[in-house]
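*Asks:* Below is the structure I would like to discuss, written out as structure tokens.
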Amino acid sequence: MDQNTLSDTIHFDGIGLHTGLKVNLELRPAKENSGITFYRKDLNKKIKANWKNVMSTKFSTNLGTNNCSVKTVEHLLSAFAGLHISNCDVIVDNEEIPIMDGSSKLFVDEILKVGIKNQNIKQKAIEIKKKVRFDCDYGFGELLPNTQNEEGLNIFLQSSFDGKYEDQTINIENLNGGYPSKISHARTFGFFNEIEYLKSQNLIKGGSLDNAIVIKDLKPINPEGLRYKNELMRHKVLDVVGDLYLSGLPIIGKYNGFKTGHYITYNLLKELFKNENNYKIINSN
């Protein structure tokens, strides 16, 4: 597989889920081997999309360095990963990526509309060679090598919603190629009885039924219902894909997790890169 970028610049505008701030977003084609870079236009500063630059993972993945931050990057990064966008400059004029409809669908749709440009340079990938695991008091995440008959990135997640919603599992085999239809439409979600707590934490200032699923009495209160029967689990996959892309390269292997979230996936990447024997850099097929 070769590296890819966008065929043209794309413009978005919207509000941040947690800050409620209005933000303009531009996605610009970028040169080979440059990766994903966030530029704060208002501060004239930049941040590489890399796990080393994660400053917090409380209800979103937030990057920060040199008195500059860009928050809630996971849905956009997920779209890049799912569409195999290797290089892109992300220009924002405020501190949070717009939430759009709560999924990565609108990012995916616009990227596919302008087209993806092949850059004729081989894409490197991270092949998992040894099992790596991160545990916390409520869940875990682990990366394992693929078996002989597995290809690409495979994701198996289990969740317990502590009685607030039916517990579910999801198994995505070889995400390569299926992301737009299987994952990108899945919206972020929350529980009605947690709204006041989140507001007390200075979060979800831009949240609404237009950009999030809200669960009450085991059902969504959104008038249109769910886009997938297991939309909550598919959104968890969406987040995992975006957070894993902070590795800087596509990952070839299997991700297993229970009650995964941004905190677990970020710490799993830290564990992965502690030992070079855990992985191998290869040319992506």
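The values are calculated or read from the model by the stated rules, or taken from the named source; none is laboratory data. Bear in mind the structure is a predicted one, so any value in this text is a computation, not a measurement. Every residue, glycine among them, receives a Cβ derived from its backbone with ideal geometry; neighbour counts consider all protein chains shown.
*Asks:* Of the residues in the range 255-285, how many are at pLDDT 95 or above and either of a type in the set (Ser, Thr, Tyr) or surrounded by 20 or more Cβ atoms within 10 Å (Cβ to Cβ) (or both)?
*Replies:* Qualifying residue count, the range 255-285: 13.
*Asks:* So, one more: When the range 125-163 is examined, which residues are found to be out of contact with any Phe, Trp or Tyr (no Cβ under 7 Å at 6 or more places or on another chain) and within 17 Å of residue 277 (Cα to Cα)?
*Replies:* 125, 130, 131, 132, 142, 144, 145, 146
*Asks:* Among 181, 159, which is in contact (Cβ under 8 Å) with a residue 24 or more places away in the chain and not assigned by TED's automatic domain parsing to the domain that holds residue 23?
*Replies:* Details: 181 fails: in contact (Cβ under 8 Å) with a residue 24 or more places away in the chain.
After ruling out the rest, the residue left standing is 159.
*Asks:* Still on this structure, I have one more. Which residues, counting only those in the range 146-163, are surrounded by fewer than 15 Cβ atoms within 10 Å (Cβ to Cβ) and over 21 Å from the mean Cα position of the chain (by Cα)? Reasoning before the result, please.
*Replies:* Start the filter on the range 146-163 by keeping residues that are surrounded by fewer than 15 Cβ atoms within 10 Å (Cβ to Cβ), which leaves 147-149, 151, 160, 162-163.
Selection gives 147, 148, 149, 162, 163.
*Asks:* What do you reckon, is residue 64 farther than 28 Å from residue 182 by Cα, not hydrophobic (A, V, I, L, M, F, W, C) and not in a loop (DSSP other than H, G, I, E, B)? Give the derivation first.
*Replies:* Values: farther than 28 Å from residue 182 by Cα: yes; not hydrophobic (A, V, I, L, M, F, W, C): yes; not in a loop (DSSP other than H, G, I, E, B): yes.
Answer is yes for this residue.
*Asks:* Right, something else. Filter the range 192-239 down to residues that are among the basic types (Lys, Arg) and surrounded by 20 or more Cβ atoms within 10 Å (Cβ to Cβ), then give me how many there are. Please lay out each step first, then the result.
*Replies:* Keep residues of the range 192-239 that are among the basic types (Lys, Arg), which gives 199, 205, 216, 219, 227, 229, 234, 236.
If we keep only those that are surrounded by 20 or more Cβ atoms within 10 Å (Cβ to Cβ) too, we end up with 234, 236.
Total meeting the criteria: 2.
*Asks:* Name the pairs: first residue in the range 117-135 and on the phi > 0 side of the Ramachandran plot, second residue surrounded by fewer than 18 Cβ atoms within 10 Å (Cβ to Cβ), Cβ to Cβ under 8 Å, at least 6 apart or on different chains?
*Replies:* 120/2
*Asks:* Which of the residues belonging to the range 221-256 are of a type in the set (Lys, Arg) and farther than 13 Å from residue 188 by Cβ? Show your work before the answer.
*Replies:* To start, the set of residues in the range 221-256 that are of a type in the set (Lys, Arg) comprises 227, 229, 234, 236, 254.
Passing the criteria: 229, 254.
*Asks:* Just checking, does the range 99-111 include any residue being in a strand (DSSP E or B) and touching a residue at least 24 places away in the same chain (Cβ under 8 Å)?
*Replies:* Applying the first criterion (in a strand (DSSP E or B)) to the range 99-111 yields none.
Looking for residues that are in a strand (DSSP E or B) and touching a residue at least 24 places away in the same chain (Cβ under 8 Å), one finds none in the range 99-111, hence no.
*Asks:* Could you tell me which residue of the range 168-184 is farthest from residue 217 (Cα to Cα), considering only residues that are out of contact with any strand residue (DSSP E or B) (no Cβ under 6 Å at 6 or more places or on another chain) and surrounded by fewer than 13 Cβ atoms within 10 Å (Cβ to Cβ)?
*Replies:* 177
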